[in-house]
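Report on the structure given below.
The values are calculated or read from the model by the stated rules, or taken from the named source; none is laboratory data. All values reported here derive from a predicted model rather than from experimental measurement. Quick reminder, even Gly has a Cβ in these numbers, built from the backbone with ideal geometry, and neighbours come from all protein chains shown. Please note that ligands, DNA and RNA were not included when accessible areas were found on the heavy atoms of the full protein model with its side chains. Shrake-Rupley method; radii C 1.70, N 1.55, O 1.52, S 1.80 Å.
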Amino acid sequence: MKITPDNQSLFGLVEKAQKGQLVLPEFQRSFVWPYADVKDLLISIFKGYFIGSILLQDADSKSLPFAYRTIEGVADIASEDTVQKYILDGQQRITTLHYVLYAPQNVNLKYTSSPYRFFLNLVALMKDDLENAIYGERERDVRRLIENKELQFEKKTVPFTALTQAHWNAWQAEYMSSADDAIKPERAMEVLAWQAKLQPFFNFTVATLQIDKVKDDDADGIAEICAVFEKMNSKGVKLTVFDLLTARLYRSNIALRQLWREARQQHENISHVSDEDPDIYAIFILRIIALLRGLDVKSSTLINLSADNFETDFVVAATSLDKALARIKSTQGYGAFDTKWIPYPGTAVTLGALIHISQSERLDATSTRAIDKWYWGSVFGERYSSAVESTTTSDFRDLRDYLMGKSNDSDVLARISQDLDHKYLLNKLYSTSRSGSSVYSGVMCLSALKGARDFRIDDAITLHTLDDHHIFPKNYLAKHYKNSDLKLTDSQINCVLNRTLISDVTNRKISNKAPSIYLNDPALIDIDQREAILRHHYINADGLNAMLSDDFALFQDARANQVIIDILEKVS
């Protein structure tokens, strides 16, 4: 892919957009700038500041790779014969300047309910007071100033719609001709001064990067465009492979975003988890489609997914993803009852595709046990901590062939059995203190599956607002070991073996009390039910005795053994 750097007139780019020669690929987001950003851009142009580069792509009118649309505010005048270039990055800046210079109807700035019109006060401009020189008002409030040239001349205020070169020349000529002969020399001097001040605006150039043409059937070229977009951000909005595929499928009358909206409406689990990061779960559906079609899940593959039978495949994949999420979240499944405890969201792709295979082929309980082993092995073996796309593809293909009897053995399951022994797990548990890690989340999920209950009210943790509780309170440990040769590090204090889930109220009541204190306080735990309550948190009799004697090291050893027994059972 060849990228050519250049400098082009910003006005020229806006004019091409107005003529339908410069268009947006259909995946681009809508115009979203608020008033303050528009004003800041205009001030930056007048000051000659760098406003960022514009990324363009030459368009082959005979083989356009993406569906297109004109920028917001331009009539739908573009055609395959007129389209010359796509705006890949820089839409907001070009659309903003078009908004200011051409005053399109029925287009509003962000947070406004009516169009704004922008003006330049020439008196303030001559004082270099750009903050006051440049301003915008609601169109309905300044209609008289827009329509009355004499009022503009009196206030020495020009609408930005008069600041294209041809319109500006006409405005100046009318300003001169409307004056008495006695003051024309004075006005001529004013016009010359204004012209000098406006030259940086009229002559403003912007750095452009131009990508060569890519034909519709050039899969590698389109994949390269996809790679560029995945590394780009525009005003904090990252464009994804889902956006790109939306434009690709649009030409085949497939409304991908509508399919995604329907999936969220129809599937409760997808709707719930995708509230925070909707596009990643939309991409998960595309990955399941790719797996079930026998493809890999790389972005370069997803952007070239065929439109053939796509809508049917999307529905199947969405249903499979929802089933995977239901199993991950359920306390009868994998225990991530709160979205934040999902160890690896990306495992839902492999899981969803495997569930589809298992159910469509009507496989027996052996397949369920194999899938369970793969899931827990992935969580505690941290299989999806890197190279997620390649791991997803290889895991699915390996397990698919094993489940369907095409292979007598599974390399993935064999590796899990080999790697996840007692020694590995002991080291992993002791070294895990980061709450976002899969091992940490996995332990919390296991606690939920074990039926963990709040210490104080002996009620299921899934029914309460929870805190990530230090069993040996953090402040207690820091104080207790302060003058000891066994001074603890933050990692030791925050180790997952010292953490569990209890209600936020109970956590605050325990505060910094020693375990031997709060475990003997009837207001904090039912003494008669103490052993039963703690057992659900992987604290057996040895662990309880260690807590009653405030022996942190012995407690961790006892708890580690209990957690490891459960993990090994799940991956056996």
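For (1) in a loop (DSSP other than H, G, I, E, B); (2) modelled with pLDDT under 90, each residue gets a yes or a no:
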position	(1), (2)
469	no, yes
472	yes, no
483	yes, yes
492	no, yes
502	no, yes
537	yes, no
Filter the stretch 276-289 down to the residues that are touching a residue at least 40 places away in the same chain (Cβ under 8 Å) and crowded, with 24+ Cβ neighbours inside 10 Å, then identify the one that is farthest from residue 221 (Cα to Cα).
281
For residue 81, work out the one condition from (1) in a loop (DSSP other than H, G, I, E, B); (2) within 18 Å of residue 201 (Cα to Cα) it doesn't fulfil.
(2)
Scanning the stretch 242-275 residue by residue, the ones that are part of a helix (DSSP H, G or I) and free of Cβ contacts under 8 Å to residues at least 12 places away in the same chain total 6
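So which of 227, 290, 247, 223 ends up being of a type outside the set (Asp, Glu) and at pLDDT 80 or above?
On the way: 227 fails: at pLDDT 80 or above; 247 fails: at pLDDT 80 or above; 223 fails: at pLDDT 80 or above.
After ruling out the rest, the residue left standing is 290.
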Just need a number here: residues in the stretch 348-391 that are open to solvent by 10 Å² or more (accessible area, probe 1.4 Å), more than 19 Å from residue 570 (Cα to Cα) and β-branched (Val, Ile, Thr).
3
State all residues of the stretch 539-572 that are closer than 25 Å to residue 381 by Cβ, among the small types (Gly, Ala, Ser) and in a loop (DSSP other than H, G, I, E, B); if no residue qualifies, say none.
572
Would you point out which residue out of 456, 400, 415 is buried (at least 20 other Cβ atoms within 10 Å of the Cβ), more than 32 Å from the chain's Cα centre (by Cα) and among the basic types (Lys, Arg)?
456
Going through the stretch 76-134 one residue at a time, which ones are farther than 13 Å from residue 35 by Cα, in contact with a strand residue (DSSP E or B) (Cβ under 6 Å, 6 or more places away or on another chain) and either of a type in the set (D, E, K, R) or without any contact (Cβ under 8 Å) to a residue 12 or more places away in the chain (or both)?
85, 89
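Being under 22 Å from residue 132 (Cβ atoms) and free of Cβ contacts under 8 Å to residues at least 60 places away in the same chain is the filter here; which residues of the stretch 150-171 pass it?
From the stretch 150-171, those under 22 Å from residue 132 (Cβ atoms) are 151-163, 168, 171; that's our starting set.
Selection gives 151, 152, 153, 154, 155, 156, 157, 158, 159, 162, 168, 171.
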Looking at the stretch 359-390 only, could you name the residues that are within 18 Å of residue 287 (Cβ to Cβ) and in contact (Cβ under 8 Å) with a residue 12 or more places away in the chain?
371, 374, 375, 378, 383, 384, 385, 388, 389, 390
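For every residue, the table says whether it meets (1) over 34 Å from the mean Cα position of the chain (by Cα); (2) modelled with pLDDT under 90; (3) farther than 21 Å from residue 204 by Cα.
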site	(1), (2), (3)
102	no, no, no
108	no, yes, yes
121	yes, no, no
124	yes, no, no
143	yes, no, yes
Those residues of the stretch 47-78 which are under 27 Å from residue 167 (Cβ atoms), in a loop (DSSP other than H, G, I, E, B) and not hydrophobic (A, V, I, L, M, F, W, C) amount to 48, 49, 52, 70, 72, 73, 76
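Here is a check on your reading of the model: is residue 22 within 23 Å of residue 211 (Cα to Cα) and crowded, with 16+ Cβ neighbours inside 10 Å? Quick ask: steps written out before the conclusion?
On the way: within 23 Å of residue 211 (Cα to Cα): yes; crowded, with 16+ Cβ neighbours inside 10 Å: yes.
Answer is yes for this residue.
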Matching option when the condition is at pLDDT 80 or above, over 15 Å from residue 210 (Cβ atoms), surrounded by fewer than 16 Cβ atoms within 10 Å (Cβ to Cβ) and not basic (Lys, Arg), among 46, 11, 50
50
Residue 296 fails exactly one of the following numbered conditions: (1) within 13 Å of residue 349 (Cα to Cα); (2) part of a helix (DSSP H, G or I). What is the number of that condition?
(2)
Residue check, residue 432 against (1) assigned to a loop (DSSP other than H, G, I, E, B); (2) of a type in the set (S, T, N, Q); (3) more than 25 Å from residue 544 (Cβ to Cβ), all met but one. Which one?
(3)
All positions within the stretch 25-42 that are among the aliphatic types (A, V, I, L, M), surrounded by 14 or more Cβ atoms within 10 Å (Cβ to Cβ) and modelled with pLDDT of 85 or more
38, 41, 42
Checking the condition within 27 Å of residue 328 (Cα to Cα) and of a type in the set (S, T, N, Q), which residue from 447, 491, 516 passes?
447
Residue 342 passes all but one of (1) open to solvent by 10 Å² or more (accessible area, probe 1.4 Å); (2) free of Cβ contacts under 8 Å to residues at least 40 places away in the same chain; (3) β-branched (Val, Ile, Thr); which number fails?
(2)
If you scan the stretch 293-315, which residues turn out to be open to solvent by 30 Å² or more (accessible area, probe 1.4 Å), of a type in the set (A, V, I, L, M) and modelled with pLDDT under 95?
307
Out of everything in the stretch 504-535 that is open to solvent by less than 10 Å² (accessible area, probe 1.4 Å) and out of contact with any helix residue (DSSP H, G or I) (no Cβ under 7 Å at 6 or more places or on another chain), what residue ends up being modelled with the highest pLDDT?
533
